[in-house]
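Peer 1: Okay, here's the structure, questions in a sec.
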Amino acid sequence: MKIKKAIIPVAGKGTRFLPVTKSIPKEMIPILDTPMIHYVVNEAIESGIEEIIFVVSEEKESLLNYFSTNAKLEKFLEEKKKFELLKKIHKISNSARFVSVEQKEQLGLGHAVLQAEDLIDDNEPFAVILGDDLIFGETPTTKQLMDISESLGRAPVIGVMEVPREDVKKYGIVKGTPVEGSATTFKMEAMVEKPSPQDAPSNLATPGRYILNKQIFELLKSIPRGSGGEYQLTDAINEMAKQRNVYAHIFDGRRIDTGQPLGYLEATVRAALDNSKLRESFISIIRKEFKKDEINL
Ligand code: G1P
């Protein structure tokens with residue numbers, strides 16, 4: 001069955017980006033002229049997703065507005081004959097179906113995903129994509145996981161990357177054994193949320209890319225609160241791995257942690273260098289500023 005839906009939880013408070021997140025959802029902070037959430041949505045669409053389910057908290061109206069049609073703006077651009085911009089704006093709201101469910105209490109990622117249960121059909125596999133990490137590469141990460149899932153009998157697959165040992169405490173960590181003939185796909189034995197470096201079963205961390213199925217919802221209802229006193233998606237996946245084959249796959253791509261200011265800056269620099277209109281002027285600015293501060297690279 002083709003995977004058509006992606007759940008994207010966007011209910012977090014964004015405290016690492018205060019004060020701007022006092023009035024703007026962190027997902028709407030732009031990298032150049034494009035909100036971070038748009039990159040995540042693009043990953044889904046380029047992977048073949050047709051319906052995006054946002055799990056939102058009440059302050060996320062501007063995010064939902066961004067993905068809805070803005071008839072007034074479209075009319076204005078048409079009258080001004082700004083057809084390129086019109087095309088760009090029109091595409092945002094028409095490239096997928098956007099729906100939302102509200103998470104009324106902030107009880108963790110597992111609880112957020114559970115809110116989308118009624119929007120997923122029986123036996124329907126789906127993707128979960130978290131927005132704090134942007135991953136750049138040739139094939140979208142979610143598509144890579146879909147392909148692995150398909151090749152392994154449509155099993156659940158979690159996207160992972162190797163992280164330095166001291167960083168395992170920030171992530172869901174997978175314990176697995178390599179699948180025969182592969183150095184990048186593992187059969188999961190367990191998954192642990194934010195272990196200490198001493199207790200971590202490996203350094204394979206998920207930046208929040210998952211292919212799951214409806215079974216996860218029953219497990220999400222049965223798990224107790226876990227790390228941080230929250231209902232953790234990781235704990236439900238760990239239970240699932242006891243009942244059926246679940247896999248982890250090291251994806252190809254460069255991942256930038258835009259959930260924190262330095263990663264955000266890194267992504268901005270990358271975007272400026274990738275933008276043909278800005279690239280040369282941006283390099284001159286950086287050269288000038290470095291010279292002023294006597295920084296030699
Ligand atoms: C969440 C998940 C964690 C995952 C991480 C990726 O944690 O619970 O398993 O590795 O996202 O960003 P959070 O960063 O929301 O605390």
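Values in this text are rule-based calculations from the coordinates and carry no lab data. Computed from a prediction, not measured in an experiment: that's the story for all the values here. Note that each Cβ is placed from the backbone with ideal geometry, even for glycine, and that neighbours are counted across all protein chains shown.
Peer 1: D for the range 142-217, whole µm²/s, Stokes-Einstein with Kirkwood Rh over alpha-carbon pairs at 4 °C and 1.567 mPa s: what number?
Peer 2: This corresponds to a translational diffusion coefficient of 101 µm²/s.
Peer 1: May I ask you to list the aspartates and glutamates whose Cα is less than 13 Å away from that of K214, ignoring any residue fewer than eight positions away on the same chain?
Peer 2: Partners within reach: E117, D118, D121, D122, E124.
Peer 1: Compute the semi-axes of the equivalent ellipsoid of the range 1-147, taking the square root of 5 times each eigenvalue of the Cα gyration tensor, and list them largest first in whole Å.
Peer 2: 25, 20, 15
Peer 1: Another question about this same structure. Over all directions, how big on average is the projection of the convex hull of the alpha-carbon atoms in the chain, in square nanometres?
Peer 2: For the chain, averaging the hull's shadow over all directions gives 18.3 nm².
Peer 1: What is the Cα centroid distance between the range 195-246 and the range 80-152, reported in whole angstrom?
Peer 2: 20
Peer 1: How high is the relative contact order of the chain, in percent, counting Cα pairs under 8 Å that sit 6 or more residues apart?
Peer 2: Once divided by the residue count of the chain, the mean separation gives 21 percent.
Peer 1: Work out from phi, with θ = phi - 60° and the Karplus expression 6.51 cos²θ - 1.76 cosθ + 1.60, the ³J(HN,Hα) of each residue of the range 248-255, listed in order in whole Hz, and give x for Gly and Pro.
Peer 2: Values per residue, Gly and Pro as x: 10, 9, 7, 7, 8, x, 9, 9 Hz.
Peer 1: Taking the highest mean first, how do the peptides 252-258, 140-146 order by number of other beta carbon atoms within 10 angstrom per residue?
Peer 2: The peptides rank, most packed first, as 140-146, 252-258.
Peer 1: Skipping prolines and chain starts, which residues have an amide H placed within reach, meaning under 5 Å, of the one on F251, given they are 5 or more residues away or on another chain?
Peer 2: Placed amide hydrogens put V160 under 5 Å from F251.
Peer 1: What lysines does K169 reach when the alpha-carbon gap must be under 26 Å and sequence neighbours fewer than 8 apart in one chain are set aside?
Peer 2: Counting by Cα, and skipping residues close in sequence, K169 has these lysines nearby: K13, K26, K187, K194, K221, K242.
Peer 1: Looking only at the chain, where both bridge partners belong to it, what percent of the DSSP beta bridges are antiparallel (to the nearest 5)?
Peer 2: Taking every DSSP beta bridge with both residues in the chain, the antiparallel ones total about 60 percent.
Peer 1: Right, here's the next one. Considering amide H positions built from the backbone, and no H for Pro or chain starts, which residues 5 or more places from A190, or on another chain, come under 5 Å of its amide H?
Peer 2: Long-range HN contacts for A190: K175.
Peer 1: Want the number for E166 to K80: 0.36 nm per residue separation, take away the alpha-carbon distance, what's left?
Peer 2: 25.5 nm
Peer 1: How would you rank 182-191, 56-65, highest first, on the average number of other Cβ atoms within 10 Å across their residues?
Peer 2: 182-191, 56-65
Peer 1: Would you mind checking the pairs K5/K91; K60/K104; K60/K88 and listing those with alpha carbons more than 20 angstrom apart?
Peer 2: Cα-Cα > 20 Å for K60/K88; rest within.
Peer 1: Quick check: from the Cα gyration tensor, does the range 174-252 come out rounded (a/c under 1.5), prolate or oblate?
Peer 2: oblate
Peer 1: Give a residue-ordered list of calculated ³J(HN,Hα) values for the range 282-289 (Karplus: 6.51 cos²θ - 1.76 cosθ + 1.60, θ = phi - 60°; whole Hz; x for Gly, Pro).
Peer 2: 5, 4, 5, 4, 4, 4, 4, 5
Peer 1: To test your reading of the geometry: what angle, between 0 and 90 degrees and rounded to tens, separates the Cα axis of helix 36-46 from the longest principal axis of the chain?
Peer 2: So the helix axis and the longest Cα principal axis differ by about 60 degrees.
Peer 1: Helix-only estimate, please: 222 nm mean residue ellipticity of the chain, summing -39500 (n - 2.57) across DSSP H runs of length 4 or more and dividing by its residues, to the nearest 500.
Peer 2: Calculated from helices alone, the mean residue ellipticity at 222 nm is -10000 deg cm²/dmol.
Peer 1: Label point 7 Å out from E58 along Cα-to-Cβ: which residues of the range 82-105 have amide N under 12 Å?
Peer 2: Those under the cut-off are 103-105.
Peer 1: With equal scatterers on the alpha carbons only and no solvent term, can you work out the Debye log10 of I(q)/I(0) for the range 89-207 at 0.13, 0.17, 0.19 1/Å?
Peer 2: -0.67, -1.11, -1.30
Peer 1: Moving on. For R225 and D257, compute 0.36 nm times the residue count separating them, minus their Cα-Cα distance, and round to one decimal in nm.
Peer 2: Contour length minus Cα-Cα distance gives 8.9 nm.
Peer 1: Could you work out how much longer the chain between L32 and K2 gets when fully extended? Use 0.36 nm per residue separation minus the Cα distance between them, nm to one decimal.
Peer 2: Full extension from L32 to K2 adds 7.4 nm.
Peer 1: With r defined as the distance between the Cβ atoms of K91 and R279 and R0 fixed at 30 Å, what FRET efficiency is calculated, to the nearest 0.05?
Peer 2: Efficiency for this residue pair is about 0.80.
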